[in-house]
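Every number here is computed from the coordinates shown, using simple stated rules; none is lab data. Note that the structure is predicted; figures quoted are calculated from it, not measured. Methodologically, a virtual Cβ is constructed for each residue, glycine included, from the backbone with ideal geometry; neighbour enumeration extends over all protein chains shown.
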């Protein structure tokens with residue numbers, strides 16, 4: 001630490017000591033030296049002084065050095081800690097022990113030897129300088145880690161988005177279905193009182209709900225008209241394909257995406273596919289996706305059907321309450337469907 005930058009504060013009720021120390025420090029290149037003979041005034045001034053070193057007399061009227069140290073504990077044990085060099089003629093062990101317990105770092109006996117004082121001051125200032133540099137390095141490392149983590153998260157979300165689009169382009173050339181469904185899922189999850197983390201996660205995870213379509217042949221996926229039983233059985237396998245692709249990840253978004261991919265075609269009454277789960281056995285994220293996905297699919301043109309009107313689709317969702325869909329999820333969806341429609345128009 002350069003001496004010109006060091007801020008040293010001296011508290012001693014003897015003006016002679018203040019003058020001697022001030023001149024000594026100035027003569028050796030310390031230009032920011034503050035002296036105070038009133039410990040009560042110093043108590044108020046020191047926290048504002050942002051000093052790098054405190055030289056403190058022990059024996060003073062009104063407020064002794066130990067009492068002043070006790071009041072300055074937040075600074076003495078701060079980050080970085082304020083080093084305290086005690087100036088004292090009291091050589092008793094209990095006094096020194098008390099000062100050390102309160103955070104004093106070193107002692108100089110009165111009458112003091114100037115070269116010794118300078119050495120001890122320099123040692124304490126160098127230690128503080130190292131502490132500050134270490135804190136700065138730690139802060140920079142934390143910033144770099146935070147930035148790197150943020151970048152990795154952005155990269156993960158970008159990968160999720162692109163994977164979702166890759167699957168969606170198989171039967172939706174605009175790729176807007178996953179955007180609409182993701183937004184709707186987030187709004188509905190929020191309406192259901194879920195945490196911010198859940199709301200954010202489902203908004204991203206929903207983009208991968210039909211990832212398994214990548215494994216479905218075009219002859220089935222894009223067939224104009226109804227699928228026969230064998231084709232329908234193959235089509236239903238997309239939930240297993242998607243879940244298998246996403247399985248085993250430690251990423252919370254991909255873990256939720258796996259649940260959504262595997263279970264978003266299950267039904268509340270247990271008549272869905274592939275596992276025939278019912279009621280609360282179906283994860284909430286999948287129950288939410290089931291509603292918003294069906295609603296969007298109904299209101300979108302597909303090779304095998306025309307788009308339903310908003311009112312027709314809404315009536316179909318309400319019809320499936322308690323059979324195909326979770327009743328509570330449907331109730332909340334009906335309350336926010338208009339908001340979702342205004343925020344996110346159904347038709348591309």
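Which shape class applies to segment 250-302: rounded if a/c is under 1.5, otherwise prolate when a/b exceeds b/c and oblate if not, where a ≥ b ≥ c are the square roots of the Cα gyration tensor eigenvalues? Verdict is oblate for segment 250-302.
Most exposed first by the Cβ proxy, i.e. fewest other Cβ within 10 Å, how do 258, 338 rank?
On the way: 258 24, 338 11.
Going from least to most buried by this count: 338, 258.
Shape verdict for segment 106-211, please, from the Cα gyration tensor: rounded (a/c under 1.5), prolate (a/b greater than b/c) or oblate. In terms of gyration-tensor shape, prolate.
Ranked by how many other Cβ atoms sit within 10 Å of their own Cβ, fewest first, the residues 57, 210 fall in the order 57, 210. Based on Cα contacts under 8 Å between residues 6+ apart, the chain shows a relative contact order of 11 percent. Ranked by how many other Cβ atoms sit within 10 Å of their own Cβ, fewest first, the residues 223, 213 fall in the order 223, 213. Nearest 10 degrees is fine. How inclined is helix 327-343 to the longest principal axis of the chain, computing both from alpha carbons? Computed tilt is about 80 degrees. Express the relative contact order of segment 190-317 as a whole percentage, based on alpha carbon pairs under 8 Å and six or more residues apart in sequence. So the answer I get is 21 percent. For segment 46-135, what class follows from the C-alpha gyration tensor (a ≥ b ≥ c being the square roots of its eigenvalues): rounded when a/c is under 1.5, otherwise prolate if a/b is larger than b/c, else oblate? Since a/c reaches 1.5 but b/c is at least a/b, the shape of segment 46-135 is classed as oblate.
The distance linking segment 153-227 with segment 88-109 is 69 Å (Cα centroid to Cα centroid, whole angstrom).
How far, in degrees from 0 to 90, does helix 114-168 lean away from the longest principal axis of the Cα atoms of the chain, to the nearest 10? Compared with the principal axis, the helix lies near 0 degrees.
For residue 141 and residue 250, the FRET efficiency from 1/(1 + (r/R0)^6), where r spans their Cβ atoms and R0 equals 22 Å, is about 0.40.
Taking Cα extents along the principal axes in Å as calculated from this structure, the corresponding entry among [x] 104, 36, 34; [y] 56, 42, 40; [z] 57, 57, 32 is [x]. Each peptide in 60-73, 36-49 receives the mean, over its residues, of other Cβ atoms within 10 Å, and ordering these scores from highest gives 60-73, 36-49. The C-alpha atoms of the chain define a longest principal axis, and helix 284-298 lies at about 50 degrees to it.
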